[in-house]
Amino acid sequence: MLSNACKYAIRAILYLAIHSDETTKIGVKKIAEELETPQPFLAKLLRQLTSNKLVSSTKGPGGGFFLDKNNKEKSIWDVICCIDGTHKFDKCFLGLSKCSDKNPCPVHSTVSPFKKKILNEFRDKTISKLVEEIEVEGTVISLKGFDLK
């Protein structure tokens, strides 16, 4: 449902939320290495996120990317809107041009509640709340260092 660009952006924001603040900034090279993402592509995404005020940055020695308090109060939905837009969430699961509760496709009743739940989670949960859940539940944003054999 989400593009690779959007997935990389979400993972980068979560990484920054965990590892950075106004005094600890992180360069794109370090973020790309830790998340195992293509550095030039991630740099472009981080610039886009910065221009949309979802990520903060400073230039020069000691500069880099970070999340401040305002950034951490944004939601995953804000990231999705910035990178992918909302059109994918408005489309019919089967690709019909018009599908709604009044004119449903054959899987509408199955997909619609699932889609609404995802949308609510993405819209309502802040980055800081998601980071709290990551820390409590032990979920991961990178498989670097895991023995997957």
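A few comments on the model shown:
- Qualifying residue in region 128-135 (condition: farther than 26 Å from H19 by Cβ and among the basic types (K, R)): no
- Which numbered condition L42 fails, given (1) within 13 Å of the chain's Cα centre (by Cα); (2) touching a residue at least 40 places away in the same chain (Cβ under 8 Å); (3) crowded, with 20+ Cβ neighbours inside 10 Å: (2)
- Any hit, region 15-22, residues being in a loop (DSSP other than H, G, I, E, B) and among the small types (G, A, S): yes
- Condition check for V107: touching a Phe, Trp or Tyr at 6+ places or on another chain (Cβ under 7 Å) and among the aliphatic types (A, V, I, L, M): yes
- Out of I26, I18, I31, one residue alone is over 23 Å from L119 (Cα atoms) and in contact with a Gly (Cβ under 8 Å, 6 or more places away or on another chain). It is I26.
- Within region 45-60, the residues that satisfy the criterion of being in contact with a strand residue (DSSP E or B) (Cβ under 6 Å, 6 or more places away or on another chain) and of a type in the set (S, T, N, Q) are T50, S56, S57.
- Subset of region 11-25 [among the basic types (K, R) and under 16 Å from the mean Cα position of the chain (by Cα)]: R11
Any read-out appearing in this document is the output of simple, stated calculations on the displayed coordinates, not a laboratory observation. Note that the coordinates shown come from a computational prediction; the quantities given were computed from them, not determined experimentally. Glycine also receives a Cβ, built like all others from the backbone with ideal geometry; neighbour counts cover every protein chain displayed.
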